[in-house]
1. Across segment A:81-95, which residue is farthest from the other protein chains (Cβ to nearest Cβ) among those that are of a type in the set (Val, Ile, Thr) and touching a residue at least 24 places away in the same chain (Cβ under 8 Å)?
2. Would you pick out the residues in segment B:125-153 that are among the acidic types (Asp, Glu) and surrounded by 18 or more Cβ atoms within 10 Å (Cβ to Cβ)?
3. If you take the residues in segment B:50-70 that are more than 20 Å from residue B:156 (Cβ to Cβ) and within 13 Å of another protein chain (Cβ to nearest Cβ), which one is surrounded by the most Cβ atoms within 10 Å (Cβ to Cβ)?
4. Among what's in segment A:1-18 and is over 20 Å from residue B:1 (Cα atoms) and within 12 Å of DNA strand D (Cβ to nearest atom), pick the residue that is surrounded by the most Cβ atoms within 10 Å (Cβ to Cβ).
5. Between residues in segment B:30-57 that are free of Cβ contacts under 8 Å to residues at least 24 places away in the same chain and of a type in the set (Val, Ile, Thr) and residues that are part of a helix (DSSP H, G or I) and more than 7 Å from DNA strand D (Cβ to nearest atom), which pairs lie under 7 Å by C-beta distance while being six or more apart or on different chains?
6. May I ask you to list the residues in segment A:1-26 that are near DNA strand C (Cβ under 8 Å from one of its atoms) and within 14 Å of chain B (Cβ to nearest Cβ)?
7. Pick from A:98, A:78: which is within 14 Å of another protein chain (Cβ to nearest Cβ) and either assigned to a helix (DSSP H, G or I) or at negative phi (or both)?
8. For segment A:27-49, enumerate the residues that are away from every other protein chain (no Cβ under 14 Å), in contact with a helix residue (DSSP H, G or I) (Cβ under 6 Å, 6 or more places away or on another chain) and among the hydrophobic types (A, V, I, L, M, F, W, C).
Protein chains: 2
Amino acid sequence: MNFQQLRIVRETVRCNFNLTEVANALFTSQSGVSKHIKDLEEELGVELYIRKGKRLLGLTEPGKELVKVVEKILQETANLKSIAQNYTSQGVGELAIATTHTQARYSLPSIISQFRQRYPAVHLKLYQSSPGEIVQLLTRGEVDIGIATEGLEGIADVAVFPFYRWRHTVVVPKGHPLTRSKSPDLHQIGAYPIITYHAGFTGRARVERAFNQAGITPDICMSALDADVIKSYVELELGIGIIAPMAFDPDRDTGLEALETGQLFEENVTYLALKRGRVIRDYVYEFLQLCKADFNRSTVKAEIGL
Amino acid sequence: MNFQQLRIVRETVRCNFNLTEVANALFTSQSGVSKHIKDLEEELGVELYIRKGKRLLGLTEPGKELVKVVEKILQETANLKSIAQNYTSQGVGELAIATTHTQARYSLPSIISQFRQRYPAVHLKLYQSSPGEIVQLLTRGEVDIGIATEGLEGIADVAVFPFYRWRHTVVVPKGHPLTRSKSPDLHQIGAYPIITYHAGFTGRARVERAFNQAGITPDICMSALDADVIKSYVELELGIGIIAPMAFDPDRDTGLEALETGQLFEENVTYLALKRGRVIRDYVYEFLQLCKADFNRSTVKAEIGL
DNA sequence: GATGCTTACGATACCCGTAAAGATA
DNA sequence: TATCTTTACGGGTATCGTAAGCATC
């Protein structure tokens with residue numbers, strides 16, 4: 001048994017059992033991949049894969065159980081390297097963050113600029129992704145931190161920590177009729193076509209829920225991934241926007257106004273997420289503390305199982 | 001990085017950093033050991049060992065941290081094999097138990113004979129050891145189960161389960177004066193020279209505690225590892241014996257009598273111990289259930305962290 | 001016919017073990 | 001001096017990649 005064999009097994013799952021793809025992902029040859037799998041199965045005395053002729057279709061029962069252990073082993077070998085680097089290269093390395101547009105554009109810049117000042121030798125890698133992709137990047141161990149408002153909770157290998165809380169706000173073109181009412185309610189808002197986030201992004205579900213509970217079927221005439229796009233179309237008077245408040249800046253967004261919507265919408269929680277069992281570099285803990293001063297290193301460690 | 005390197009690192013700790021010994025333990029050459037260590041340190045960029053000239057003396061701080069992870073990795077690779085064998089070779093394999101004389105001789109035979117009937121193809125390996133050795137065998141992963149009354153609690157990587165409870169009994173030569181009193185107390189018993197277990201074995205500490213609390217300094221004229229030896233000397237009238245009740249059989253030990261000592265001594269708990277994180281074969285769970293019918297496989301698994 | 005897996009084979013690199021030299025107690 | 005570690009070097013083996021053959025879709 002060797003590490004290459006284990007890497008290959010892990011990769012087969014990630015590549016949907018396409019060995020050619022596995023070989024490419026691991027920068028090696030198909031033939032080697034094929035042989036390694038055969039060798040490992042022989043050594044363990046178990047067929048790991050369900051086969052149909054020459055094609056692999058999925059994992060057998062023992063295969064499923066074994067892959068879990070294989071992932072643990074590979075995770076721990078990655079941890080060996082992280083631990084070593086924490087000693088040898090303090091403040092040097094990479095910080096990979098996967099997050100949504102909203103965070104990348106509006107909530108992280110100030111934190112990241114602080115972090116860069118403190119750790120100029122840490123290379124920052126910012127993935128901008130959907131919540132689903134963020135989970136995948138996290139569980140694959142390709143990023144250190146995931147940040148999103150949706151889709152991070154309830155994943156077995158992912159630990160989440162509340163980052164901050166917020167409620168959606170309504171933005172309208174300057175001079176829009178709604179600006180005349182002191183604090184418009186959902187019925188008044190629902191009377192206009194609405195532009196907001198795609199389903200599964202940035203608390204979109206909570207926007208819909210608010211209308212549903214008020215018995216209103218809103219006319220969501222457009223949806224977009226990010227507030228920049230939404231704001232552009234609101235300025236073009238195609239509808240009114242419902243966006244995260246972080247995304248509205250009265251100084252910059254001069255063509256728009258934000259309404260006083262109070263608690264019309266449910267509260268959203270934006271989470272920071274870490275992979276359980278993954279050792280992270282010291283500066284990652286520092287980054288977390290920049291996000292939220294009361295982040296305690298030892299409680300974070302306990303939460304992710306270290 | 002490869003598994004041999006990790007095995008070597010683990011073994012250096014076990015062999016007190018004597019690389020020659022490591023090489024012998026792993027059936028390889030010193031030179032290879034030396035080189036592997038060097039290579040691994042180079043790859044991780046960290047000195048794992050404190051050196052004095054050419055000799056290794058111990059682990060550095062990063063070394064200590066890394067060895068923990070190395071042990072995890074190697075444990076999980078062993079688990080891979082166990083899991084595979086649970087599928088391929090049901091009821092075939094090895095069951096290694098480390099226990100003290102008392103258990104091996106008196107409490108286990110009936111269980112083991114039942115087990116052998118059920119799993120004739122499982123090779124039994126019975127280590128008879130001191131509690132300290134039992135802990136070592138367990139943590140090194142050389143045995144599946146440890147059984148003892150002493151020294152198993154409070155070890156980080158070892159989970160313990162109460163097996164059964166018992167109190168020491170007093171055995172005397174037939175016709176001994178003490179047999180005349182209905183239920184002798186500690187003062188009466190302490191008047192005679194006593195033969196019992198070595199310190200650290202089979203609840204010896206509780207025997208002493210009982211006398212101490214009664215303000216008596218007993219004359220422990222002999223101590224031995226096991227009840228067979230103790231009983232022999234009691235028969236020779238060198239003293240009276242204080243032994244585990246399992247070790248007295250009125251039919252066989254015809255030269256002796258057991259006194260009615262009621263609750264003179266504190267209760268002892270004999271524990272079954274498993275190594276945390278170690279996957280054990282299905283038949284090991286069956287063995288545990290033979291020991292105690294209410295052993296629940298899933299609670300055991302949870303307790304050992306699987 | 002295009003894609004994907006296996007087998008065969010040759011080149012390479014890695015790992016091991018012997019042996020010699022140097023260091024430590 | 002005896003024990004222990006390092007370094008150097010040669011032999012063997014395992015791994016890798018190319019290429020050909022075959023199965024699957």
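Bear in mind that the values in this text are calculations on the coordinates, not laboratory data. In this text, all values refer to a predicted model and were calculated from it rather than measured experimentally. Because the Cβ atoms are built from the backbone with ideal geometry, glycine has one as well, and the counts that use them run over all protein chains shown.
1. Here the residue is A:92.
2. If the condition is that a residue be among the acidic types (Asp, Glu) and surrounded by 18 or more Cβ atoms within 10 Å (Cβ to Cβ), then B:144, B:150 are the ones that fit.
3. B:62
4. Checking each candidate, the answer is A:17.
5. B:46/A:84; B:46/A:87; B:46/A:88; B:46/B:62
6. Passing the criteria: none in range.
7. Criteria check complete, one pass: A:78.
8. Passing the criteria: only A:33.
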